Amino acid sequence: MTHLHITTWAVGIILFFVVLALTGKEGKEKAAKITHMVLRLFYVLILLTGLELFFRFYIGAPWSETTEALVKSAGGVWIIAAMEMILIRGKKGKPTFGGWLQFAIALILTIALGFGRLPMGILP
Ligand code: HEM
């Protein structure tokens, strides 16, 4: 399930950039809409695989570890929220700087905790 989680969030982030590239392009409205819908499906998959990891490894674990995993999970949800914010505000032609700032902070936090600190990552 760990690798499934990595796959879902990696594909999700790639799809996010694809939607971004398609948004606002003449004649690509439909492609952008469909890709955005697929991206939303991936949000659900990211959430489900993340929750599965959480319940499997952190229920009954020492408090400090559970707390850290909770912060990591909140970071994951935050990335999803930031991606949606960037896409929707971008589509409406509104400024997206705030969304990008959140995306960057949440991504660094989540990847650092996921790979660097918590024990289930694939890197040392
Ligand atoms: C785009 C969003 C997300 C990114 C970039 C991300 C990134 C990561 C990374 C790098 C890891 C460590 C390697 C791995 O097992 O995949 C990880 C693990 C994990 N993620 Fe996520 N994640 C995201 C969303 C979520 C969500 C929404 C949840 C919970 C609802 C979640 C819960 C977890 C848990 C519990 C682990 C296991 C922690 C461990 O022991 O290493 N993640 N995630």
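The values are calculated or read from the model by the stated rules, or taken from the named source; none is laboratory data. In this text, all values refer to a predicted model and were calculated from it rather than measured experimentally. Every residue, glycine among them, receives a Cβ derived from its backbone with ideal geometry; neighbour counts consider all protein chains shown. In case anyone asks, the SASA skips ligands and DNA or RNA and just uses the protein heavy atoms, side chains included. Shrake-Rupley method; radii C 1.70, N 1.55, O 1.52, S 1.80 Å.
Structure values in brief
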| item | result |
| --- | --- |
| Hey, Leu70 within 8 Å of the ligand (Cβ to nearest atom) and open to solvent by 60 Å² or more (accessible area, probe 1.4 Å) or not | no |
| Single condition Phe16 does not satisfy, out of (1) aromatic (Phe, Trp, Tyr); (2) open to solvent by 60 Å² or more (accessible area, probe 1.4 Å); (3) under 20 Å from Leu109 (Cα atoms) | (2) |
| Hits in region 9-49 - residues which are in contact (Cβ under 8 Å) with a residue 60 or more places away in the chain and within 20 Å of Lys92 (Cα to Cα) | Phe16, Val19, Leu20, Thr23, Gly24 |
| Selection status of Gly50, buried (at least 19 other Cβ atoms within 10 Å of the Cβ) and over 20 Å from His5 (Cα atoms) | no |
| Pairs where the first residue, in region 50-65, is in contact (Cβ under 8 Å) with a residue 40 or more places away in the chain and acidic (Asp, Glu) and the second is near the ligand (Cβ under 8 Å from one of its atoms) and part of a helix (DSSP H, G or I), C-beta under 6 Å, 6+ apart | none |
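Here is a yes/no grid of residues against (1) open to solvent by 60 Å² or more (accessible area, probe 1.4 Å); (2) more than 24 Å from Thr7 (Cα to Cα):
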{"site": "Leu39", "(1), (2)": "no, no"}
{"site": "Ile46", "(1), (2)": "no, no"}
{"site": "Phe54", "(1), (2)": "no, no"}
{"site": "Tyr58", "(1), (2)": "no, no"}
{"site": "Gly93", "(1), (2)": "yes, yes"}
{"site": "Phe97", "(1), (2)": "yes, yes"}
{"site": "Ile108", "(1), (2)": "yes, no"}
{"site": "Leu113", "(1), (2)": "no, no"}
